[in-house]
Every structure is written in structure tokens, then in C-alpha cells.
1. Quick one: how many residues across segment 52-79 are under 15 Å from S32 (Cα atoms) and more than 11 Å from the chain's Cα centre (by Cα)?
2. Condition test on L138, is it within 20 Å of K46 (Cβ to Cβ), surrounded by 12 or more Cβ atoms within 10 Å (Cβ to Cβ) and modelled with pLDDT of 70 or more?
3. When both residues are 6+ apart or on different chains and their Cβ atoms are under 8 Å apart, which pairs have a first residue that lies in segment 131-145 and is closer than 17 Å to D87 by Cβ, and a second that is open to solvent by 40 Å² or more (accessible area, probe 1.4 Å) and at pLDDT 85 or above?
4. Among (1) at pLDDT below 80; (2) over 12 Å from the mean Cα position of the chain (by Cα); (3) among the aliphatic types (A, V, I, L, M); (4) open to solvent by less than 20 Å² (accessible area, probe 1.4 Å), which single condition is L42 missing?
Amino acid sequence: MATKIIFALMARKVDEFKKRDKEYPIEVINVSSPNTPGLRKLQGRKQLKDLVKKVQGARDEMQWGEEGPPPLLVKIAPDLSKEDLEDIAAVSLALRLDGLIISNTTISRPDSVRQNPVAEESGGLSGKPLFNLSTNMLKEMYVLTRDWMPAL
């Protein structure tokens with residue numbers, strides 16, 4: 001069942017890319033939303049590699065102006081392990097992504113918000129409570145990509 005969900009999500013992402021407005025200055029593959037069931041599974045090495053290759057293939061088949069296709073970035077979650085970050089860095093470098101967006105919302109609840117009544121709600125948390133987690137992840141990806149890849 002999980003495999004079917006992953007393939008359906010990949011197909012949807014490629015479809016979204018093909019239907020995109022060519023006026024957008026960049027293209028972002030968001031594999032980090034905690035509110036889309038199964039989406040974060042696309043951050044795994046094999047799944048991410050397959051997805052990026054498919055989107056790159058779709059991009060290569062499209063007609064672009066003189067400036068060529070838009071830069072392709074991947075938006076990742078802040079709740080990743082060291083191994084996950086290493087996998088994402090390896091895929092990003094191997095497939096020559098144009099950059100990474102670090103990070104989307106977190107499913108964790110830092111100490112600073114645990115006492116808040118809404119902290120028990122499901123879904124992603126963003127903003128100031130995410131600052132340290134995101135900053136540390138940004139530093140880690142800078143090292144893992146050998147400072148080659150732009151990270152936002």
C-alpha cells in the first residue's frame with residue numbers, strides 16, 4: 001500500500017510540473033509537507049532520486065525560451081536524521097539540483113511551545129520556534145553538499 005501511495009505522489013508531482021505556469025522563476029519540488037499523507041516518504045534516497053529524475057525528464061521535454069528551464073529546487077523537512085540529510089545531499093549533488101529549500105514546517109514541538117494548548121494539534125509548526133532547528137540543518141547541508149549547492 002505504501003508503495004502505491006509513493007508512486008501516486010510521484011506521478012502527481014510530475015503532472016504538476018508539466019502543468020506549471022512557465023512564468024514562474026523557479027520550480028520547487030516540495031517533499032516536506034506534514035499535512036500530505038505519505039509525502040515525506042519521498043525524501044528517502046531512492047524515492048527522491050526517482051522523483052527528481054522524472055521531473056528533470058519532464059522539464060527536458062518542455063519547450064523553454066532562450067533563458068532555458070527554471071532552476072529546480074527541493075524543499076525538505078527539518079525533522080530529518082543525519083542519514084536522511086546525507087542521502088538528500090548525495091542525490092542533490094548526483095542529479096545536479098539547483099538548490100535546496102531548508103526547511104518546511106516541523107512535526108516536532110520544541111520546548112518553547114509545548115505548554116501552548118495548540119501544541120497538541122497535528123500538522124506542521126513554523127516560525128520562530130523552528131529557527132534553531134532550521135539553522136542547524138542549513139549548516140549541516142552546507143557541509144554535506146561541500147558548499148556547492150545554494151540552500152535557502
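1. Total satisfying the criteria: 1.
2. Considered against the rule, which asks whether it is within 20 Å of K46 (Cβ to Cβ), surrounded by 12 or more Cβ atoms within 10 Å (Cβ to Cβ) and modelled with pLDDT of 70 or more, L138 comes out as no.
3. Qualifying pairs under 8 Å: E140/K82; L144/E86.
4. Every listed condition holds for L42 apart from (2).
The values are calculated or read from the model by the stated rules, or taken from the named source; none is laboratory data. Keep in mind it's a predicted model, so treat the numbers as computed, not measured. Quick reminder, even Gly has a Cβ in these numbers, built from the backbone with ideal geometry, and neighbours come from all protein chains shown. With ligands, DNA and RNA removed, areas are computed over all heavy atoms of the protein, side chains included. Shrake-Rupley method; radii C 1.70, N 1.55, O 1.52, S 1.80 Å.
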